[in-house]
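Worksheet: one structure, shown below.
The values are calculated or read from the model by the stated rules, or taken from the named source; none is laboratory data. Computed from a predicted model, the values in this text were never measured in an experiment. So basically every Cβ, Gly included, is an ideal-geometry build from the backbone, and we count neighbours across all protein chains shown. Heavy atoms of the whole protein, side chains included, go into the accessibility calculation; ligands, DNA and RNA do not. Shrake-Rupley method; radii C 1.70, N 1.55, O 1.52, S 1.80 Å.
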Amino acid sequence: MKELRPVLPGATVGVLGSGQLGRMFAIAARRMGYRVHTLSPDYDTPTGQIADVEVTASYDDLDAVREFARQVDVVTFEFENVPAAAVEAAARIVPVRPDGSVLHTTQHRLREKTFLAGAGFPVTAFVPVRSLAELEEALPRIGFPAVLKAATLSYDGKGQSRIDDASQAPAAWRAVGQRDAILEKFVRFEKEASVIVARSRDGDLADFGLISNTHDRHILDFSSADGSAGGPVAREAVALARGVAEAIRVVGVLCVEMFVGPGGEIRINELAPRPHNSGHLTVDACVTSQFEQQLRAVCGLELGATDYLRPAAMANILGDLWSDGEPDWAAVCALPDVKLHLYGKSEARPRRKMGHLTALADSSTEALRRVLAARETLTARVRAV
Ligand code: AMP
């Protein structure tokens, strides 16, 4: 296997996966003079449009994965559901960061929560569930409401079902696909938040502070942050996230998603061993974005400064905005302090992440007001007709 000396600008980075996270990673990498190759089953992808080389192959095509690995100096990924066999095949040829053990833990909800609980991090009560009988037996122990989630391949609310009383158990079991699942106690949170932290090969840590998140139908709707050390909740959230990054020994970027209760108590919901939607505002707001930070970490460089240049807010643009025709790009581009990011996806489907907007202001509250007003302008023309 090639040694991981620092992989310096001019070298080639391989990305498994080809969505918007890979796209923004590739933009950061190309800006710094790296070449980027991407592999996924798709063609003309958000990442492939930016990369030097786009390989279209199934992740199960290990010959293609090996050939891909031979062409690059280091491999990373942009989503954690890359099959373990593909990561192992690549890792025999070239360093893969984060490594397979981090993927193994984070691509399975039960392993992830068991790891977190075992390491002493606060999570909501949970039990494994492998059959309807086990679900019915577990529900009285967990109590109502409860949330049933498929253990694998469930995100943005897919493969997830809330259970308010015992009669809903069979429907919930069907809704998650009758497969290995985790039953969780429903958390009555006051807000959702995330902390994105990077860890270098040498074990250095850098975080982007507490990011406040609001979801709509389980999908992130908007986020805001100002990077201030904040009060005790922000300090505890950051300390927890840094602790998790150390415990799981990630080399790369890790997003720790959390619930904050009415009394400020924190429960970790889930981990993503990669840049995260809630960190998109770091592209415009921070000295180093989460994508450049991932690049630095996986290439064995020093981490960049994470200071906020200004408070910021981000609002997602979902495919639903296309329901009455093409959004009014001219209107949003006319706003001098709002940044438009589109991911190059040709087909706008409801709930599909197509892009986002970022606004900067003197406070995160004002940035949020501006970014939400900006998103309104995207559909105002349609309504005015
Ligand atoms: P997840 O796929 O685990 O990120 O969940 C998506 C969203 O569902 C979260 O951001 C929460 O809004 C909600 N959710 C997930 N798990 C729970 C829980 N145990 N209690 C309350 N809400 C939850």
query = So which residues in segment 192-219 are over 28 Å from ILE163 (Cα atoms), not aromatic (Phe, Trp, Tyr) and not in a loop (DSSP other than H, G, I, E, B), if there are any at all?
reply = VAL195, ILE196, VAL197, ALA198, ARG199, LEU205, ALA206, ASP207, GLY209, LEU210, ILE211
task = Identify all residues within segment 119-161 that are within 12 Å of the ligand (Cβ to nearest atom), among the charged types (D, E, K, R) and at negative phi; write none if there are none.
result = LYS149, LYS158
key: Within segment 234-282, considering residues that are open to solvent by 20 Å² or more (accessible area, probe 1.4 Å) and without any contact (Cβ under 8 Å) to a residue 40 or more places away in the chain, the one nearest to the ligand (Cβ to nearest atom)   = GLY263
Cβ pairs under 7 Å, 6+ apart, first in segment 214-230 and within 14 Å of ARG310 (Cα to Cα), second open to solvent by less than 40 Å² (accessible area, probe 1.4 Å) and within 16 Å of the ligand (Cβ to nearest atom) = SER224/SER212; ALA225/LEU210; ALA225/ILE211; ALA225/SER212
query = Quick check, is ARG199 away from the ligand (no atom under 16 Å from the Cβ) and buried (at least 18 other Cβ atoms within 10 Å of the Cβ)?
reply = yes
query = Scanning segment 185-196 for residues that are of a type in the set (D, E, K, R) and closer than 30 Å to GLY252 by Cβ, which turns out most open to solvent (accessible area, probe 1.4 Å)?
reply = LYS191
One residue from PHE189, PHE222 being in a loop (DSSP other than H, G, I, E, B) and within 28 Å of ALA146 (Cα to Cα) = PHE189
ask   = Do the conditions hold for GLY231, that is, is it in contact with an Asp or Glu (Cβ under 7 Å, 6 or more places away or on another chain) and within 24 Å of LEU368 (Cβ to Cβ)?
value = no
request  = Taking PRO336 as meeting all but one of (1) free of Cβ contacts under 8 Å to residues at least 40 places away in the same chain; (2) surrounded by 19 or more Cβ atoms within 10 Å (Cβ to Cβ); (3) over 22 Å from the mean Cα position of the chain (by Cα), write down the number of the exception.
outcome  = (2)
Residue under evaluation ALA373, criteria (1) in a loop (DSSP other than H, G, I, E, B); (2) without any contact (Cβ under 8 Å) to a residue 12 or more places away in the chain, criterion not met = (1)
inquiry  = Condition check: within 10 Å of the ligand (Cβ to nearest atom) and either among the acidic types (Asp, Glu) or surrounded by 14 or more Cβ atoms within 10 Å (Cβ to Cβ) (or both). Does ILE182 satisfy that?
reply    = yes
remark   = Given (1) out of contact with any Gly (no Cβ under 8 Å at 6 or more places or on another chain); (2) under 24 Å from ILE50 (Cα atoms), GLY325 misses just (2)
remark   = Given (1) more than 14 Å from ASN269 (Cα to Cα); (2) buried (at least 19 other Cβ atoms within 10 Å of the Cβ); (3) touching a helix residue (DSSP H, G or I) at 6+ places or on another chain (Cβ under 9 Å), ALA166 misses just (2)
message = Please pick out the residue among ASP207, ASP180 that is in contact with a strand residue (DSSP E or B) (Cβ under 8 Å, 6 or more places away or on another chain), on the phi < 0 side of the Ramachandran plot and modelled with pLDDT under 95.
response = ASP180
key: Selection from segment 125-137 of residues that are over 14 Å from ARG162 (Cα atoms) and open to solvent by less than 10 Å² (accessible area, probe 1.4 Å)   = VAL129
ask   = Only one of GLU80, GLU54 is within 23 Å of HIS276 (Cβ to Cβ) and open to solvent by 10 Å² or more (accessible area, probe 1.4 Å); which?
value = GLU80
task = From the list PRO46, PRO98, pick out the single residue that is farther than 30 Å from ALA348 by Cβ, crowded, with 18+ Cβ neighbours inside 10 Å and within 20 Å of the chain's Cα centre (by Cα).
result = PRO98
task = Just need a number here: residues in segment 25-67 that are of a type in the set (A, V, I, L, M) and either touching a His at 6+ places or on another chain (Cβ under 8 Å) or in a strand (DSSP E or B) (or both).
result = 5
